[in-house]
1. Helix 79-112 versus the longest principal axis of the chain: what angle, 0 to 90°, nearest 10, using Cα atoms?
2. Choose one of Leu247, Tyr85, Gly226: the residue whose Cα lies farthest towards the positive end of the charge dipole of region 77-300 (beta-carbon charges +1 Lys, Arg; -1 Asp, Glu; about the Cα centre).
3. With the crude spin-label approximation of a point 7 Å out along Cα→Cβ, what separation in nm comes out for Phe215 versus Lys146?
4. Which distance in nm do the two modelled labels at Val157 and Leu21 give, with both placed 7 Å along the Cα-to-Cβ direction?
5. Work out the FRET efficiency for Ile135 and Ser246 from their Cβ-Cβ distance, taking R0 = 22 Å, and round it to the nearest 0.05.
6. For the chain, take the longest principal axis of its alpha carbons; what is the angle in degrees between that and the long axis of helix 170-195, to the nearest 10 within 0 to 90?
7. Helix-derived [θ] at 222 nm for the chain: sum -39500 (n - 2.57) over DSSP H runs of at least 4, divide by residue count, nearest 500?
8. For the chain, build the convex hull from the C-alpha positions and give me its volume per residue in Å³.
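All of the numbers you see were taken from the coordinates with simple rules; none came from a lab. Computed from a predicted model, the values in this text were never measured in an experiment. Positions of Cβ are generated from backbone atoms using ideal geometry, with glycine treated the same way; all protein chains shown enter the neighbour counts.
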Amino acid sequence: MKNGLRAILARSTIWLPYLWLLIFFLAPFVLVAKLSLSEPAIAQPPYIPAMRFLDGPIGWWADIKRFSIGNYLFITEDSLYWKSYLSSLRIAIISTFLTLAIGYPLALGMARAPRAWRPTLLMLVILPFWTSFLIRVYAWIGILKKEGLLNQLLLWVGIISEPLTILNTNVAVYIGIVYSYLPFMVLPLYANLERQNQTLLEAANDLGCTNRAAFWKVTWPLSMPGVIAGCFLVFIPTVGEFVIPSLLGGSETLMIGRTLYDEFFQNRDWPVSSAVAVILLMILLVPIMLFQRSEARARSRGQ
């Protein structure tokens with residue numbers, strides 16, 4: 001009896017994550033994919049259902065024949081969409097690099113700090129999460145505008161002679177993204193660096209390595225799992241970011257999140273916006289799958 005109960009608990013532990021993904025990821029994705037194959041209509045809802053699940057098998061076949069890839073063809077023909085994808089990828093890549101450049105020294109300093117200080121430093125990194133994301137982004141409007149704190153500080157120090165135009169530019173978007181997603185880069189890096197064996201650095205120094213050489217030959221290679229995890233945690237949400245470019249970016253800031261919002265709520269073209277969302281998801285899934293495959297091959301080779 002106990003063995004049977006343990007087997008049931010073990011199976012439930014395995015299947016619960018799959019059930020969670022099925023309900024909250026796969027099912028919504030199937031609905032969005034089905035909607036992307038529908039035709040737009042001036043109605044409520046603003047599309048013609050391509051497959052109604054209550055019609056039965058005969059009705060399903062009749063509806064499947066109405067599936068159309070015209071929405072995907074329209075996206076490839078309209079330059080607005082592929083320019084939005086390219087701009088989002090460019091902004092996400094640059095923002096991820098900047099976040100890594102700032103977050104790695106910060107995480108390394110936290111990992112090398114005295115052990116008694118580390119909980120406090122970790123709390124300071126997590127502290128921004130105690131405030132609403134929207135409020136934190138709104139705060140940057142007051143900092144970056146022409147009469148804001150940043151321009152006032154630069155004028156007072158004498159670095160500039162007139163206020164800079166930072167708000168409603170791509171620079172403001174980079175600042176907002178790096179600030180908002182910096183903890184997502186620092187936390188996995190700190191977790192990796194804090195667990196590294198410091199005797200390896202001592203051995204490298206004993207063998208003639210300078211501190212800089214020991215970092216590039218020991219610390220950096222061992223921290224690659226944290227680097228990759230942090231880059232994924234920053235890159236993936238940044239590609240589809242909507243709030244930051246809407247509040248801090250200008251009219252020339254093209255990101256697929258804003259385009260997707262406009263299609264859904266302004267143009268009310270749900271089929272096209274669903275096709276945009278499906279393509280965005282495919283773009284994000286490909287690098288994740290490639291990374292997982294390379295990791296599996298490395299583990300199978302014993303590396």
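1. 30
2. With unit charges placed on the Cβ atoms, the residue in question is Gly226.
3. Here the answer is 4.1 nm between the modelled labels.
4. Those two pseudo-labels are separated by 4.8 nm.
5. It comes out at approximately 0.90.
6. Its long axis makes an angle of about 60 degrees.
7. -22500 deg cm²/dmol
8. Numbers: hull volume 76.6 nm³, N = 303.
Cα-based convex hull of the chain, divided per residue, equals 253 Å³.
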